[in-house]
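Taking it in order: structure first as structure tokens, then the write-up.
The values are calculated or read from the model by the stated rules, or taken from the named source; none is laboratory data. Note that the coordinates shown come from a computational prediction; the quantities given were computed from them, not determined experimentally. We place every Cβ from the backbone using ideal geometry, glycine too, and count neighbours over all the protein chains shown.
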Amino acid sequence: MACVAVNSLIRTLELEFLQPEPRPILQQMEIIPFNKDLIQSLHAKLGFLIQLFDESRMDDVKAIKDLETKLRDVAFGVEDEIELHVVDLEAFRDLYESELFRGADEEMGEGDTEAKKTQHSHRLSHVLQQGIEDIDAIKEEVEKVMMEYKHVIAMQGSRETTLDDEVIPKSDDELVKMDGSGSSTHASHTEDIMVGKNNEFDTIMKMLIQHPSKQREVVSIQGMGGIGKTTLARRVYEDSSTVSHFDRRLWVVVSQHHNKRQMLLGLLGSRDNVNSSSYEDLALQLYQSLKGQRYLVVMDDMWSRESWNDVNSCFPDDINGSRVLLTTRVTEVATCIGSNNNYFSHQMKFLDPSESWELFHKKACKSQGVEFETIGRPIVEKCKGLPLTIVVVAGLFSKLNTLDEWKNTANALISSSTSTLDDEECWRILSLSYSHLPHNLKACFLYLGVFPEDYKIKANNLGRLWAAEGLVKAFKNESPEAVAERYINELMDRNLILVSKRSSCGRKIKAFRVHDLLHAFCVREGQNQSLLHVAGESDSNFPQKGVRWIRVSFEDFDISALHSLSKHCRSIFYFLEWHKHSINLEFFSLLRVLYVTHQFHLPSPIVHIHLRYLWLIGARHNPHDSLFSNAWNLQTYSVYGPYTVLLHLKFPQLQYIHCDEFFGAFPKSVHQNLQVISGLQASHCHQESLIKVPYLKK
């Protein structure tokens, strides 16, 4: 997919060359005036070409796929050359400003300095010119393929073709129509729609509350991914009868790659000092908090007996009717862990045709006309009663505006569906819905794979990450934050995310999760497109060429192999709490995003001049020396740990800054883009300082 590469390059051109305050070394070397026309030309051509791909909507035409791959490689190659050039320029400046070089420079004349400027200007010119030539060649090929295709369609005299050959022109603006509230006008997603589950709800409630057993019983809900296990468990968990019956209720998501310490932390919630406690201490705290209580513990998405064995002893049995409710797609898990009596195990049922149609109709939000039902019924039938595929396909169809689009998409679903619903068939249905996303939204959706499975994603943080990666582009007077909010609403409207938390007014999404099947899709698609590598997940998935995003969420990974991916890597996401070794960031000279959720050792000194987003918890020393000296394009800075000097406020792109506590005087010069600042002392909060940041929101 070319969109990630093209949008990233467009944003790099804007940040390095087209912003009002470009990097000082670029101004000193007078590189921008020399190349201004080439920069603007490449910027415009890239924007036009990605729009051309978006409007063609010929995602399954092989020639278009090949051209997208070619465009991706060109865009990534140009961006690599530009950013490496900037690295060399900063190194040249450091050398030039050193005392040693100052002494040597006494014998250099003005002509030598000008020669250096010319040399660097011509180097950039060559990169830009070659990029423009390659882009022009791709544009000609795309237009040729489109003309040939349109000719074929005209000869056929009909649009009754499958989606594999269809052209559906749409832009981002056409696909996303918003009302004043910032939410989609066509649907409300304030809560999950429960269809056909009333009987199953009653069954589970009987096991939890009405059954006479006073022993601690383990109740299991089992079924394939996407069948609604979590939705049913959540409805039971939040029911008023459940709330009144149990003294304590706890919920934890286990997931396929469980972490026993994280499970305990999840069950304990936000209790004081738990983050620094050992596993044994946490287990004891949990046991003591449940002792003597009638409790309900939900363990969602359990994959193995080991995950149960890690916490089983933490759940006391006081013969008072306590229950543990687990959801799993693995029958063996339910059989081995669940109470011996089969009464406490429930196998989820697929929706019947009537229930499937009801769910599809509610989610698609289309009027019940003859054409709607005639086309929709066969589509719903192919979903085989699996709720996840029904709602995802409904989200797709809610965005189609004409009868022809309905027919063509329906044909694509029906013609190649198999008679049974397995993981691959479910995957194919998800792929079809993904193929209908606008290119920008595709990139943002795939980016969700950089987070671990079942990770609670904060919308504001994600929006800033998208912006740092260049994946969101504002239109007219729209801010990147507004675009990110619009994209998140669009993903919700297409049923591709699960909303976890809303603002107090209910209009804005604050946090969300991704269903594990959709998350797996993002990971696999990101790997297939050489965008994402998950360190330690599988040796067989190790990329043969460079990737842009690296996620570390498994303890066992080859650190040397990971360093081999550093040449093209732009983002590192580090989710390990305890680690055997730290990544040597010195290898990652083009790093723009560093997202670390636990204590992380930063070697020093290191200079990351392209850093745009820094999120560190528990850094062992002030990261200013190692990461900040020339991070001119820094946009987000959040460090939980050491004190931070306020000098960081000088960066022209900085919008969000957080630290436990700042020290030093408020700087005389603060860039006005700053919108959020957290961690100020009382002495900083006076009119003389705050008047310097007129756009401050929080």
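Screening the candidates 65, 36 for the property of being closer than 23 Å to residue 146 by Cα, assigned to a helix (DSSP H, G or I) and free of Cβ contacts under 8 Å to residues at least 40 places away in the same chain yields one hit, 65. Among residues of segment 116-128 that are without any contact (Cβ under 8 Å) to a residue 60 or more places away in the chain, those with a beta-carbon under 9 Å from a residue that is in a helix (DSSP H, G or I) and surrounded by fewer than 15 Cβ atoms within 10 Å (Cβ to Cβ) at least six positions away or on a different chain give the pairs 123/88. Reported count of residues in segment 17-31, each being without any contact (Cβ under 8 Å) to a residue 60 or more places away in the chain and under 16 Å from residue 123 (Cβ atoms), is 1. Here segment 637-659 is the region considered, the condition is being touching a Ser or Thr at 6+ places or on another chain (Cβ under 9 Å), at pLDDT 70 or above and within 21 Å of residue 16 (Cα to Cα), and the residue that is surrounded by the fewest Cβ atoms within 10 Å (Cβ to Cβ) is 650. Applying a threshold of 7 Å to beta carbon distances and a minimum spacing of six or more residues, or different chains, the list of pairs starting in segment 73-97 at a residue that is over 16 Å from residue 32 (Cβ atoms) and at pLDDT below 90 and ending at one that is not hydroxyl-bearing (Ser, Thr, Tyr) and not in a helix (DSSP H, G or I) is empty. For segment 21-40, indicate whether the set of residues that are at pLDDT 90 or above, within 27 Å of the chain's Cα centre (by Cα) and surrounded by 21 or more Cβ atoms within 10 Å (Cβ to Cβ) is non-empty. Checking segment 21-40: not a single residue is at pLDDT 90 or above, within 27 Å of the chain's Cα centre (by Cα) and surrounded by 21 or more Cβ atoms within 10 Å (Cβ to Cβ). The residues on offer are 471, 441, and the sole one that is under 30 Å from residue 555 (Cβ atoms) and aliphatic (A, V, I, L, M) is 471.
Residues in segment 458-473 that are surrounded by fewer than 20 Cβ atoms within 10 Å (Cβ to Cβ) and closer than 18 Å to residue 575 by Cβ: 458, 461. In segment 473-502, the residues that are in contact (Cβ under 8 Å) with a residue 12 or more places away in the chain and of a type in the set (Phe, Trp, Tyr) form Cβ pairs under 7 Å with partners that are buried (at least 22 other Cβ atoms within 10 Å of the Cβ) and in a helix (DSSP H, G or I), at six or more places apart or across chains, as follows: 487/441; 487/444. Would you mind stating whether residue 583 is touching a strand residue (DSSP E or B) at 6+ places or on another chain (Cβ under 9 Å), crowded, with 21+ Cβ neighbours inside 10 Å, at pLDDT below 85 and of a type in the set (A, V, I, L, M)? In short, yes. Say we look at segment 455-510 and pick out the residues that are touching a helix residue (DSSP H, G or I) at 6+ places or on another chain (Cβ under 8 Å) and among the aromatic types (Phe, Trp, Tyr); which of these is nearest to residue 392 (Cα to Cα)? The extreme case among them is 487. Kindly indicate whether residue 662 is surrounded by 16 or more Cβ atoms within 10 Å (Cβ to Cβ), farther than 22 Å from residue 616 by Cβ and modelled with pLDDT under 75. Answer is no for this residue. Could you identify the single residue in 389, 409, 327 that is touching a helix residue (DSSP H, G or I) at 6+ places or on another chain (Cβ under 9 Å) and not assigned by TED's automatic domain parsing to the domain that holds residue 437? Sole residue among the options that is touching a helix residue (DSSP H, G or I) at 6+ places or on another chain (Cβ under 9 Å) and not assigned by TED's automatic domain parsing to the domain that holds residue 437: 327.
When 689, 626, 669 are checked against the criterion of being at pLDDT below 85, over 28 Å from the mean Cα position of the chain (by Cα), closer than 30 Å to residue 27 by Cα and not in a loop (DSSP other than H, G, I, E, B), a single residue qualifies: 689. Can you name the residue in segment 559-580 that is charged (D, E, K, R) and within 23 Å of the chain's Cα centre (by Cα) and is also modelled with the highest pLDDT among such residues? Only one residue tops the list, namely 570.
When segment 330-362 is examined, which residues are found to be among the basic types (Lys, Arg) and either within 19 Å of residue 225 (Cα to Cα) or in the same structural domain as residue 232 (by TED's automatic domain parsing) (or both)? If the condition is that a residue be among the basic types (Lys, Arg) and either within 19 Å of residue 225 (Cα to Cα) or in the same structural domain as residue 232 (by TED's automatic domain parsing) (or both), then 349 is the only one that fits.
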